[in-house]
Amino acid sequence: MLLIHDLYKKYGKFHALNGLDLQVAEGEIFGLVGPNGAGKTTSMKIMAGLLKADKGEVSIDGLNVLTNYNKLKEWVGYMPDFFGVYDNLKVMEYLEFYASGYGITGKRNRDICLEMLDLVKLSGQTDNYVDQLSRGMKQKLCLARCMIHNPKLLILDEPASGLDPNSRFEFKQIIKQLKERDKTIIISSHILTELAEFCTSIGIMETGRMVLQGDMEEILASIENSNPLMIKIYKNLDTAVQVLKQELMVKTLSIQGNTIMVSFTGSREEEALLLKKLVMNDVLVTNFSKESSNLETLFLTITNNEGVNW
């Protein structure tokens, strides 16, 4: 669906994008994350045709969109992180105005607008003024606007920014519905735990480059597999240490009180066999589990910046 290769963008002496490579398959929900200044918004604006790249390739379904802006406008729906609204326009008027910009007129215009409002749960707001809507409603209206021309690709820059938990949940459900409509979605967010819940793949950017990209399930599995085993011993700690030292798949271990932290390279089945061996050697174990971590832990490890504000 989307292929970006060797993309560059410079502002003065600052390299916002520095050889960015990105690939998103059709039907994916792709989560784009990175610290402030990583180049997320710049790359999204170039994908949407709102900003020109200095160098590189951007193609959708094999078409070079950097030289085919008319097609790009047909195929892409873009939702910025901050957007304005028109005073004295009602919700329905707002959508009808944008639909007419895509050449959608008459009854078809109204039918599509009503369909989009229903999709984003704003059917009851048609006669309310846009500038009087809550922030969450405005965000949903902007998403409806992005969908008005039925684009192939949706680019959503921090769509849940500033929303309360209830509004974020509603927004997440709408994104899932859009995937069921076979939309390909690129979404940036600073709420990494939420991306992990519904994205099918993810890319982590830093200093204008992609430092990690892959399938969400595989990445989360790799995080878990790389975590140490935490073994809490109730009785016979010394015996437990001797048993663990004899295991080839135990690379390192450290002891804190009655807890042993073990770097173990074996599979789930081999973990279970290790626990069995400890028990058979009269070691009383009260806890045997992987240390918990998540996408945020991975992000901080990769970007090496624990004070980052996403």
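Within the chain, what whole-number % of the accessible surface is contributed by carbon and sulfur, with the 1.4 Å probe and all protein chains included in the calculation? Carbon and sulfur: 47 percent of the exposed surface of the chain. The calculated FRET efficiency for residue 256 paired with residue 164, based on their beta-carbon distance and R0 = 30 Å, is about 0.15. Filter the cross-link list 179/251; 90/172; 183/290; 52/107; 13/152 down to pairs whose alpha-carbon distance in this structure exceeds 31 Å. Check vs 31 Å cut-off fails for 179/251; 183/290; 52/107; 13/152.
Counting 0.36 nm for each residue step from residue 8 to residue 55 and taking away their Cα separation leaves a gain of 16.4 nm.
Placing dummy labels 7 Å off each Cα toward the beta-carbon, the span from residue 71 to residue 127 is 4.5 nm. Taking the chain as a Gaussian network of alpha-carbon nodes connected by springs under 10 Å, the highest mean-square fluctuation of the residues 29, 187, 46 belongs to 46. Rank 148, 202, 104 by mean-square fluctuation in a GNM of the chain with C-alpha springs under 10 angstrom and give only the top-ranked residue. Sorting by GNM fluctuation, first place goes to 104. Stretched out straight at 0.36 nm per residue, the stretch from residue 36 to residue 267 would grow longer than its current Cα-Cα span by 79.4 nm.
Quick check: the angle from helix 106-119's long axis to the longest principal axis of the chain, C-alpha only, nearest 10 degrees? The angle comes out at about 20 degrees.
The values are calculated or read from the model by the stated rules, or taken from the named source; none is laboratory data. Here the structure is a predicted model, which means the values were calculated and not measured. Reconstructed Cβ throughout: ideal geometry from the backbone, glycine too, with neighbour counts over all protein chains shown. Note: accessible area is taken over every heavy atom of the protein model, side chains too, but ligands, DNA and RNA are not part of it. Shrake-Rupley method; radii C 1.70, N 1.55, O 1.52, S 1.80 Å.
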